[in-house]
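Bear in mind these aren't lab numbers, they're just calculated from the coordinates by the rules spelled out. Because the structure is predicted, anything quoted here is derived from the model rather than measured. Note that we place each Cβ from the backbone using ideal geometry, even for glycine, and neighbour counts take in every protein chain shown.
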Amino acid sequence: MDFGFSEEQELLRKSAADFLSKECPMTYVRQMMEDERGYSEEMWTKMAALGWMGLIYPEEVGGAGLNMVDLVVVLEEMGKVVMPGPFFSTVILGGLAILEAGNPEQRQRWLPGIVSGKVKATLALLEENARWDEAGITMEAEKSGSGYRLSGVKLFVPDAHVADVIICAARTSAGISLFLVERQQAGVKIRLLKTMDQTRKLCEVTLEQVQVDAEAVLGTPDKGWRTLSRVIDRGKVALCAEMCGGAQRVLDMSVEYAKVREQFGRPIGSFQAIQHKCANMLVQVESAKSATYYAAWAVANDTPDAPLAAAMAKAYCSDAYRQVSAEGIQVHGGIGFTWEHDMHLYFKRAKGSEVTFGDATWNRELVARYTLDVTPPTATTAP
């Protein structure tokens with residue numbers, strides 16, 4: 001069994017690293033933080049030309065037909081530079097929902113545009129209750145003629161202000177249904193939110209009596225939660241890959257700084273306290289990568305334990321990235337707290353990623369549930 005990446009995947013990693021080092025320096029990241037759109041069309045077009053939008057999409061819609069393990073390689077490099085823009089919301093959330101549940105007509109309408117970079121999509125799931133499970137979806141879709149009428153508010157929807165289509169989850173008569181809502185439809189109101197991590201734009205989406213026809217239902221009515229579960233699992237893995245890349249970059253920055261910053265006539269890296277911090281950071285980074293790589297393989301191969309692996313990876317990476325970025329600030333000392341230094345960008349991205357798809361506590365609860373479902377406790381195994 002080969003536990004490493006293939007030669008092709010390493011070439012993909014190098015290509016991504018070279019491109020992002022040139023096209024996504026921290027000056028660009030800071031510019032996009034101030035830009036309401038959060039990305040530039042020029043860079044988006046260049047990414048599309050590289051085929052990144054279509055990496056995990058089938059060849060019949062213009063994609064490369066690769067899998068999540070291949071995408072993880074690129075996402076790690078994106079995490080290292082805290083790349084802004086709607087890549088995550090379009091390729092992972094909205095696009096995968098259409099790929100998973102869409103009928104041939106829906107796929108043909110939206111996926112070629114996503115793959116080519118001409119269409120942006122997102123997923124509207126979270127509501128005021130801040131729950132990431134099926135019970136958290138309370139927005140109701142009322143039957144209206146041959147279609148439905150949607151009313152309600154979705155919160156923290158990534159990049160909704162630039163998305164061409166929003167996949168909205170709502171409760172129908174016997175379950176959860178997914179609806180394709182175009183941003184320009186009557187009754188759709190979008191407000192950009194002020195959040196801590198401005199490298200990833202989040203929005204409030206208000207639907208006021210939005211009429212959608214039967215053709216706008218994504219997949220089978222009332223069966224949308226199965227699709228959402230699969231998309232969320234893949235979203236967790238993708239987010240973990242980003243977090244691994246960010247944590248690796250923080251570790252690299254901290255080690256390099258510890259080698260050159262002198263105190264009391266010697267590099268601070270020679271002090272045991274700093275060495276211990278860096279060593280602990282290394283353990284967390286490598287452990288996070290191991291959990292993420294296995295989860296990526298599991299979802300790519302649709303193994304029975306894929307939801308468990310995704311939850312375990314998200315639980316570990318949520319804590320690891322936050323702790324590594326916090327320790328990185330401590331290693332840098334006073335300069336690490338300044339706006340001019342880049343360390344705070346990683347810490348803010350870590351905090352934002354930590355709560356997306358549920359924090360470590362939420363995902364550990366899921367791990368416990370999955371474990372109990374697979375192996376029910378007995379008189380000899382129960383604590």
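The overall shape of region 7-119, judged from the alpha-carbon gyration tensor, is oblate: a/c is not under 1.5, and a/b is no greater than b/c.
Most tightly packed first, judged by the mean number of other beta-carbon atoms within 10 Å of their residues, the peptides 50-58, 326-334 read 50-58, 326-334. Using Cβ point charges alone (K and R +1, D and E -1), the dipole size of the chain about the Cα centre works out to roughly 680 debye. To the nearest 10 degrees, how steeply does helix 224-260 sit against the main Cα axis of the chain, on a 0 to 90 scale? In the chain, helix 224-260 runs at an angle near 20 degrees to the longest axis.
From the Cα gyration tensor of region 170-307, with a ≥ b ≥ c the square roots of its eigenvalues, which class applies: rounded if a/c is under 1.5, or else prolate if a/b is larger than b/c, or else oblate? In terms of gyration-tensor shape, oblate.
To the nearest 10 degrees, how steeply does helix 343-355 sit against the main Cα axis of the chain, on a 0 to 90 scale? For 343-355 against the chain, the angle is about 40 degrees.
For region 122-222, the relative contact order is 31 percent, taking Cα pairs closer than 8 Å that sit 6 or more residues apart in sequence and dividing their mean separation by the residue count.
A protection proxy built from the mean count of other Cβ atoms within 10 Å ranks the segments 182-192, 118-128, most packed first, as 118-128, 182-192.
Exposure proxy ranking for 277, 223, 14, 314, based on other Cβ atoms within 10 angstrom of each Cβ and starting from the fewest, stands as 14, 223, 277, 314. Taking each DSSP H run with n ≥ 4 as -39500 (n - 2.57) and averaging over every residue of the chain yields -16500 deg cm²/dmol at 222 nm. Pairs exceeding a 20 Å alpha-carbon distance, out of 22/236; 289/351; 120/189: 22/236. Scanning the chain for cysteines with no neighbouring cysteine C-beta under 4.7 angstrom from their C-beta gives 24, 168, 203, 244, 278. From the cross-link list 143/348; 143/194; 201/223; 14/194, which pairs have alpha carbons spaced over 31 Å apart? Long pairs (Cα-Cα over 31 Å): 143/348; 143/194; 14/194.
Each Cα pair under 8 Å and six or more residues apart adds its sequence gap; the mean of these over the residue count of region 1-140 is a relative contact order of 23 percent.
Helix 68-80 and the long axis of the chain differ in direction by around 50°, with both axes built from C-alpha atoms.
If you sort the three axes of the alpha carbon gyration tensor as a ≥ b ≥ c, you get a/c of 1.5 or more for region 115-168 and a/b no higher than b/c, which makes it oblate.
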